[in-house]
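The next block holds one structure in the form of structure tokens; read it before the comments.
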Amino acid sequence: MLTKRQLEILNFIQSRLFVGGYPPTFREIASHFNIRSVRTVSDHIGALEKKGYVKRDKGKKRSLKIIRGAETPIIGEISAGSPMVPIDPSDSVRLDRFIAADHLFLRVKGSSMVDDGIRNRDIIVVKPQKTVRNGDIVACLVEGEVLVKRFQKRHGEVTLLPANENIEPLVVREDEGKRLEIIGRVVALFRSYE
């Protein structure tokens with residue numbers, strides 16, 4: 001189980017890797033969290049290493065890597081309906097079932113997919129792939145704009161379907177010269193309630 005600070009540091013490392021393409025140094029982590037000692041950061045990173053969340057090459061400045069296969073225990077079941085007695089199954093979830101090293105994280109802006117459970121400010125996880133099937137929820141580029149929609153193709157015409165009755169589908173016809181590029185298929189979603 002991660003402490004609050006370890007989770008914050010792990011999230012910071014992930015965001016720096018996603019946005020900048022490289023991990024932060026220990027000094028940058030210390031500065032970001034107003035931690036006075038780099039040794040304290042080193043202790044937190046050591047704990048994340050022992051728990052299987054990060055890996056580092058000692059002696060290298062920017063060597064932190066996120067290990068997607070970290071296993072997190074499932075501590076029980078919770079009812080979303082009738083009350084139930086809590087149980088403690090010996091079960092766990094491996095994050096690499098949902099997330100691989102090449103997967104992309106994108107923050108959702110807007111409400112066009114709310115009826116599919118994708119809300120504003122959610123983070124979707126996208127598996128990069130160029131081919132998708134009808135009905136897949138995809139991340140794509142249309143004329144330089146990034147969109148998340150449900151994919152449907154018929155007779156050379158692609159319809160990007162929203163999951164909100166107040167928003168019109170977007171039709172992309174090959175013969176009209178509009179550029180559509182599939183980034184990948186949405187495979188997971190993260191939501192913060194804070």
So, Val85, is that one β-branched (Val, Ile, Thr) and modelled with pLDDT of 80 or more or not?
no
Please go through the stretch 159-179 and give me each residue that is of a type outside the set (Val, Ile, Thr) and touching a Leu at 6+ places or on another chain (Cβ under 7 Å), ordered by number.
Leu160, Pro169, Leu170
Filter the stretch 1-13 down to the residues that are surrounded by 16 or more Cβ atoms within 10 Å (Cβ to Cβ) and of a type outside the set (Phe, Trp, Tyr), then identify the one that is farthest from Lys55 (Cα to Cα).
Leu2
Can you find a residue that is hydroxyl-bearing (Ser, Thr, Tyr), in a strand (DSSP E or B) and not assigned by TED's automatic domain parsing to the domain that holds Leu17 anywhere in the stretch 110-126?
no
Could you tell me whether the stretch 14-35 includes any residue that is of a type in the set (S, T, N, Q), farther than 25 Å from His103 by Cα and either out of contact with any Leu (no Cβ under 6 Å at 6 or more places or on another chain) or surrounded by 19 or more Cβ atoms within 10 Å (Cβ to Cβ) (or both)?
yes
For the stretch 123-163, which positions are touching a Gly at 6+ places or on another chain (Cβ under 9 Å), within 14 Å of Val187 (Cβ to Cβ) and surrounded by fewer than 17 Cβ atoms within 10 Å (Cβ to Cβ)?
Pro128, Gln129
Taking first residues from the stretch 107-134 that are without any contact (Cβ under 8 Å) to a residue 60 or more places away in the chain and second residues anywhere that are among the hydroxyl-bearing types (Ser, Thr, Tyr), the pairs with Cβ under 6 Å that are 6 or more apart or on different chains are Asn120/Ser111
Neighbours by Cβ (under 6 Å, 6+ apart or cross-chain): first from the stretch 144-157, in the same structural domain as Glu181 (by TED's automatic domain parsing); second surrounded by fewer than 18 Cβ atoms within 10 Å (Cβ to Cβ) and of a type in the set (Ser, Thr, Tyr):
Gln152/Thr159
Does at least one position in the stretch 89-108 carry a residue that is within 29 Å of Val54 (Cβ to Cβ), surrounded by 11 or more Cβ atoms within 10 Å (Cβ to Cβ) and at pLDDT 90 or above?
yes
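The values are calculated or read from the model by the stated rules, or taken from the named source; none is laboratory data. It should be emphasised that the depicted structure is a prediction, and the values quoted were computed from it without experimental measurement. Ideal geometry is used to build each Cβ from the backbone, glycine not excepted, and the neighbour counts take in all protein chains shown.
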